[in-house]
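Contents: one structure, followed by commentary.
The values are calculated or read from the model by the stated rules, or taken from the named source; none is laboratory data. Quantities reported herein were computed from a predicted structural model and do not represent experimental measurements. Heads up, the Cβs are rebuilt from the backbone with ideal geometry, glycines too, and the neighbour counts pull from every protein chain shown.
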Amino acid sequence: MGDERGSLIALEENHNVPFDVKRVYYIFGTKIGVRRGYHAHKHLKQLAICVSGSCTFMLDDGTQKQHIELNSPTHGLLIEGLVWREMYDFSPDCVLMVLASELYDENDYIRVYDEFLKALAS
Ligand code: T46
């Protein structure tokens with residue numbers, strides 16, 4: 001929504017966010033050249049929005065790698081299923097906000113690439 005004062009975007013669970021939102025976190029102040037992620041999730045669904053600045057996601061489903069630049073607060077990237085992700089090219093003003101379907105659970109992470117490939121095959 002926008003008017004002469006500026007813009008406003010509302011995120012509503014099970015409406016324009018396709019899951020119940022249990023957690024929101026945001027990443028900012030990322031140093032130049034940093035690459036984050038390097039993991040997949042077993043069950044988590046997430047919607048990532050760069051509310052300021054830009055960054056790029058590399059999503060790997062074990063067959064194909066996609067590089068997706070997020071550079072607008074009006075665009076969200078839905079990440080679900082077994083997908084290896086890495087984030088890079090953070091601009092100094094980047095604020096990456098992520099809505100997640102579950103509370104933080106380290107047991108949901110697959111942080112070893114070979115284990116990710118095995119999970120895909122099983
Ligand atoms: C993802 C990408 C896009 C918490 O304590 N609670 C939280 O909700 C999160 C997300 C992280 N943490 C702790 C765990 C680590 O000690 O914060 C530290 C940094 O987390 P991590 O290294 O997993 O951050 P990224 O940027 O590599 O990955 C994050 C999310 O963890 C992950 O789910 O998909 O962003």
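Some notes on this structure:
- Failed criterion for GLU86 (all others in (1) at pLDDT 95 or above; (2) more than 21 Å from VAL17 (Cα to Cα); (3) over 10 Å from the mean Cα position of the chain (by Cα) hold): (3)
- Annotation: of all residues in region 39-53 being surrounded by fewer than 19 Cβ atoms within 10 Å (Cβ to Cβ) and in contact with a strand residue (DSSP E or B) (Cβ under 6 Å, 6 or more places away or on another chain), the one that is farthest from VAL95 (Cα to Cα) is HIS39.
- Considered as a group, the residues in region 32-45 that are more than 10 Å from the ligand (Cβ to nearest atom) and touching a residue at least 12 places away in the same chain (Cβ under 8 Å) include one that is farthest from TYR109 (Cα to Cα), and that residue is ILE32.
- Filtering region 61-69 for residues that are crowded, with 17+ Cβ neighbours inside 10 Å and at pLDDT 95 or above leaves an empty set.
- Of all residues in region 14-29 being out of contact with any Lys or Arg (no Cβ under 7 Å at 6 or more places or on another chain) and part of a loop (DSSP other than H, G, I, E, B), the one that is nearest to the ligand (Cβ to nearest atom): LYS22
- Matching option when the condition is surrounded by 15 or more Cβ atoms within 10 Å (Cβ to Cβ), more than 30 Å from GLY2 (Cα to Cα) and either of a type outside the set (Gly, Ala, Ser) or touching a strand residue (DSSP E or B) at 6+ places or on another chain (Cβ under 9 Å) (or both), among VAL17, VAL83: VAL83
- The residues of region 53-75 include none that are touching a residue at least 60 places away in the same chain (Cβ under 8 Å) and closer than 30 Å to SER122 by Cβ.
- Unique residue being under 14 Å from the mean Cα position of the chain (by Cα) and over 25 Å from LEU8 (Cβ atoms) when the list is MET97, MET58: MET58
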